[in-house]
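The values are calculated or read from the model by the stated rules, or taken from the named source; none is laboratory data. Computed from a predicted structure; not experimentally measured. Counting neighbours? That spans all protein chains shown, and the Cβs are built from the backbone with ideal geometry, glycine included. Each accessible area value is taken on the protein alone, full model and side chains, heavy atoms only, with ligands, DNA and RNA left out. Shrake-Rupley method; radii C 1.70, N 1.55, O 1.52, S 1.80 Å.
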Amino acid sequence: MWRSSTFPVRARLLALIVIASLGACADHSVVRQGARAPQAPRPAPRVLPNSQAYQMCAANLQAAQVQFQPLPNIDRGGGCTTIDTIKLLDIGTPTANLGPMKCQLAEKFAAWVRFAVRPAARLYLGSEVVRIETFGTYACRDVRGTGGTIAGKRSEHAHANAVDISAFVLADGRRISLLNDWYAGGQNAQFLRTLHQSACKRFLTVLGPDYNAAHKDHFHLDLGGTRSFCR
Ligand SMILES: [Zn+2]
């Protein structure tokens, strides 16, 4: 062990020169990469370690036989991050437009599809769900309120901690959508309202057509914050 006060001045100078030259090498490689590309180079994203919660979540997904691809942790700037995220590859029901998802969101989503969506479709509609349509997961943007986006208030989508579900396609060809069926009454609406209720038990925030016009065509499901909000 050495203390910085006793560390020889010459050695510290040498260390500084080594650090400075390493930095120069990194800068050089970025410039060379940029020279091959037609556009100016962007600063390299910061790579961060995974949390313990992520490790547990990944193990849970494997145990549930969900297929997924781990994604690198990236601080994307502008208050937007993809930390502890994965890409779901197979949850038993083909699902469109899934990008990066925080692992715990993905775990809840896969369980909701398996234990709520598929049984509810059999119960209310007498058919299997063969495809789930979504508007995606990660988006570096602000919260959408009734009067448009709320400037400066980042959405949970900006952290890949939210997913927007728009429709369910059945084996017999029927397509049940939030836009067309939420207020339509009958079994289609009953199916969607049951899914909304079950989502409220699994996710922290659930927003649908009853919340505001910005959600007239999808369920927004997220795990942000600490208090549940179901509307
Ligand atoms: Zn959303």
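Below is a table of values for the structure above.
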{"read-out": "In region 139-166, the residues that are within 11 Å of the ligand (Cβ to nearest atom) and of a type outside the set (Asp, Glu)", "value": "Ala139, Arg141, Val143, Arg144, Ser155, His157, Ala158, Asn161, Ala162, Val163, Ile165, Ser166"}
{"read-out": "Helices (runs of 4 or more DSSP H) wholly inside region 96-209 that include at least 2 residues being open to solvent by 10 Å² or more (accessible area, probe 1.4 Å) and farther than 27 Å from Ile83 by Cα", "value": "178-181, 186-202"}
{"read-out": "Matching residues, region 73-92, being over 13 Å from the mean Cα position of the chain (by Cα) and either in a strand (DSSP E or B) or surrounded by 12 or more Cβ atoms within 10 Å (Cβ to Cβ) (or both)", "value": "Asp75, Arg76, Gly77, Gly79, Leu89, Asp90, Ile91, Gly92"}
{"read-out": "Extreme residue, farthest from the ligand (Cβ to nearest atom), among residues of region 219-231 that are more than 12 Å from Ala162 (Cα to Cα), in contact with a strand residue (DSSP E or B) (Cβ under 8 Å, 6 or more places away or on another chain) and assigned to a loop (DSSP other than H, G, I, E, B)", "value": "Ser228"}
